[in-house]
Structures are given as structure tokens and as C-alpha cells.
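One structure is given below, encoded as C-alpha cells.
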Amino acid sequence: MFYISKEKFIYFKVSLLCVRRKIIKQGLSSLTISLPTTWTKKFNLKPGDEIEVIDKGKELLIQTERIFTSKKTLMDVSGLNKSMIRNYINAAYIRGDDELKITFNDHDLMDVIQECIDFNIGFAVVEQCRNYCVIKDLSGTSASEFDNMLKRVFYMIMSFGDEGLEMLKKKEPLKDFWKRDLSIDKYIFYCLRVLNKKGHPDFEKTSLYHNTLLLLEHLSDEYNRLYRYLKNPSLCSGTIKMFEDVNQMFKDFFKLFYKFDKNKAQELLQEKRRIREGSFQTKNQNEMVVIYYLRKIVEMIINILQIEMQMVL
């Protein structure tokens, strides 16, 4: 297993590999093991290259300053609609691809492709012809930026909830406010790309952070749908109060995410129960739309909390 530190080193945990290695005696006192071929190929290591070996008690870490081999993908989007092209390109971006060659049979599709490229941080068109274009990551992907980007995602979601609520309190039409979700997705995709390319510095938690980001994206989507499908911005005081409570619950969770406290976590679980029990006090269809999505947001918060518990236990 490997992970990348903030110094961009790649670490290899021998004790956690699913492959066993026999110790070989070399000379009078040296003992050696062979390195997995998949790992040496991934970083293009050759005989004579230097690596560092770090003694971690029962664990031995082997590190190299080499970066991951760049991924290049050939993608044909001929005949695909805008939604499918967007999902195709986003999937390659999140996976960690560094170069895409996209072919198409209709030059008008270039406008769709460019729109998708502009959305993904670091991607740019470097070559364009009549029936294809080449896209590269020009900015690189920095593992050291992951924590800052993740915090930005939290702040943007909090703002998404608070600003939308303020507009509802003033009975202002929401119009295209739901599109704020697209900016949140942009940073979530970047964080997912970092995890797929380099892993989290605490590599064993990489999959947990990956799942956390996916749930944050779904949580933001619920705010999106609330604003998008709400027909009348006029809400009763009870629904407004519930909205305030849910927004505060997410803020409390944010603090808990970076400084876990089991008593605070217990209070969050109790708050979920209180909000759920008080969510059926209106029969107004417009209010029920809001309540439905607020309840889903509460569920998402608790789902992410459960992942956080796995990180801190």
C-alpha cells in the first residue's frame, strides 16, 4: 500500500501488502526482499535508482520521489449528447487522467467539450483540429492543497444553505440560485482527482475521504433540488426554523469533523431525531417540498458523521 505525503513522497507499507515476500540473504549480513513489479512499473523505477527505507517499528516504509505515471486516454464522443459528454470528461478528470484526446464527428461538439474543460480545474485544450482536440492538465495536482480545498467545500455548502435561507426569509425568488451547486461540484471533483492520483497523506483513510466527498456532493445536491423545485418562496415560521436548525447542524458537524468529540457527536444524533420528529407538522405542499429535502440533508450529515467515526476510532 502507498500514500503521498505533503512533500509529494510516495510511501510503501510493506506490512499491509496483500503479497508476501521471502527474505533473501545477501553476503554475510545483508537481508533483502524484492519489490512488487506493479509498484516499480507505476513509478518507472529501474536498477540503480535510489529509494529511501524508513524504519517504523514493525512497519518498513519504502519511498520514492517519483510521481505516478501519467494517464492518457483516447475518447470518442461522436453522437453523444451534452450530458453524456460532460459525464465522460468529468469521469476521466476525477480518475486522474493527465491527457485526453477527444475525437468527434461534429465540430459543433467542440463548444460542449470546451464548456466541460473550463469546469475542471487545471484542464486546458492544447491542440484542436477539425475532428479532434487534445486536453492536458497544465496546473498539476497538488496533494498539499487537498485540505484547503476540502475546507473550501465545507464553507461553500454552508454559504449555499445560509444565503438561500436569507432569500427565503425575504421572500425573494430564488431563480437560478440553485446553480451555485456547480461551483461546489468543481472543487469536489478536484479533491476526488487528488485522492485518485495521489491518495490522502494518511493513505488508509483515502477511501473514507473519497466517500465523504461523494456524500458532500449529494448533500449539496439536496440544497440544489430544494431551491430548484420550490415554487413559492413564502414559508411559514416553523419551516424557516427547521431550515435554520438544519443549517446550524451542518455547521456543528463541520466543527466536529476537524475536532471530533464523542459527546458532541451524540448531540448531533439527538438533533437528527428531534428534527425528524418535528418534520410532519404541516400539510402545505410547498412546505413539504422544503421539509422533504431538509430531512435528506440531515440524513447526509449523519452519514458523513458515521464515516468520520471510522477515521477517529
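Determine whether the stretch 78-92 contains at least one residue that is buried (at least 17 other Cβ atoms within 10 Å of the Cβ), touching a Leu at 6+ places or on another chain (Cβ under 6 Å) and within 22 Å of Met149 (Cα to Cα).
Within the stretch 78-92, one or more residues are buried (at least 17 other Cβ atoms within 10 Å of the Cβ), touching a Leu at 6+ places or on another chain (Cβ under 6 Å) and within 22 Å of Met149 (Cα to Cα).
Which residues, counting only those in the stretch 33-66, are at pLDDT 80 or above and either in the same structural domain as Gly96 (by TED's automatic domain parsing) or surrounded by 12 or more Cβ atoms within 10 Å (Cβ to Cβ) (or both)?
Ile33, Leu35, Pro36
Does the stretch 273-288 hold any residues that are within 30 Å of Tyr209 (Cβ to Cβ) and buried (at least 18 other Cβ atoms within 10 Å of the Cβ), and which are they?
Ile275
Quick check, is Gly161 of a type in the set (Gly, Ala, Ser), more than 22 Å from Phe119 (Cβ to Cβ) and at pLDDT 95 or above?
Here the answer is yes, as Gly161 does meet what is asked.
Here is a yes/no grid of residues against (1) without any contact (Cβ under 8 Å) to a residue 60 or more places away in the chain; (2) under 18 Å from Ile157 (Cβ atoms); (3) outside any helix (DSSP H, G or I):
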site	(1), (2), (3)
Glu244	no, yes, no
Met249	yes, yes, no
Lys255	yes, yes, no
Gln266	yes, no, no
Arg274	yes, no, no
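Identify, please: which residue in the stretch 143-191 is touching a residue at least 60 places away in the same chain (Cβ under 8 Å) and of a type in the set (Gly, Ala, Ser) and is, among those, nearest to Ile89 (Cα to Cα)?
Checking each candidate, the answer is Ala143.
Out of Ile297, Ile240, Ile301, Ile291, report the one residue that is in the same structural domain as Ile157 (by TED's automatic domain parsing), among the β-branched types (Val, Ile, Thr) and surrounded by fewer than 18 Cβ atoms within 10 Å (Cβ to Cβ).
Ile240 is the lone residue from the list that is in the same structural domain as Ile157 (by TED's automatic domain parsing), among the β-branched types (Val, Ile, Thr) and surrounded by fewer than 18 Cβ atoms within 10 Å (Cβ to Cβ).
Working carefully through the options Asp162, Asp147, find the one that is in the same structural domain as Ile291 (by TED's automatic domain parsing) and within 14 Å of the chain's Cα centre (by Cα).
Asp147
Going by what's in this entry, would Leu208 be described as closer than 16 Å to Asn148 by Cα and either out of contact with any helix residue (DSSP H, G or I) (no Cβ under 9 Å at 6 or more places or on another chain) or modelled with pLDDT of 95 or more (or both)?
Spelling it out, it is not the case that Leu208 is closer than 16 Å to Asn148 by Cα and either out of contact with any helix residue (DSSP H, G or I) (no Cβ under 9 Å at 6 or more places or on another chain) or modelled with pLDDT of 95 or more (or both).
Please verify whether the stretch 123-130 includes one or more residues that are touching a Cys at 6+ places or on another chain (Cβ under 8 Å), in a strand (DSSP E or B) and surrounded by fewer than 18 Cβ atoms within 10 Å (Cβ to Cβ).
Yes - at least one qualifying residue is present in the stretch 123-130.
If I filter the stretch 142-162 for residues that are of a type in the set (Lys, Arg), closer than 20 Å to Thr239 by Cα and exposed (fewer than 15 other Cβ atoms within 10 Å of the Cβ), do I get at least one hit?
Among the residues of the stretch 142-162, not one is of a type in the set (Lys, Arg), closer than 20 Å to Thr239 by Cα and exposed (fewer than 15 other Cβ atoms within 10 Å of the Cβ), which makes the answer no.
Looking at the stretch 254-299, which of its residues are within 24 Å of the chain's Cα centre (by Cα) and closer than 21 Å to Glu166 by Cα?
Once the filter is applied, which keeps residues that are within 24 Å of the chain's Cα centre (by Cα) and closer than 21 Å to Glu166 by Cα, the stretch 254-299 yields Phe254, Tyr293, Leu294, Arg295, Lys296, Ile297, Val298.
Could you tell me which of the residues Met110, Met84, Met149 is touching a Phe, Trp or Tyr at 6+ places or on another chain (Cβ under 6 Å) and among the aliphatic types (A, V, I, L, M)?
Met149
Tell me, which residue of the stretch 221-242 that is charged (D, E, K, R) and over 16 Å from Arg295 (Cα atoms) is farthest from the chain's Cα centre (by Cα)?
Filtering the stretch 221-242 for residues that are charged (D, E, K, R) and over 16 Å from Arg295 (Cα atoms), the one farthest from the chain's Cα centre (by Cα) comes out as Lys231.
Given the conditions (1) over 21 Å from the mean Cα position of the chain (by Cα); (2) within 30 Å of Lys231 (Cα to Cα), report the number of the one that Tyr187 does not fulfil.
The single condition Tyr187 does not satisfy is (1).
The values are calculated or read from the model by the stated rules, or taken from the named source; none is laboratory data. Keep in mind the model is a prediction, meaning the values are calculated, not measured. Note: ideal-geometry Cβ built from the backbone for every residue, glycine included; neighbour counts use all protein chains shown.
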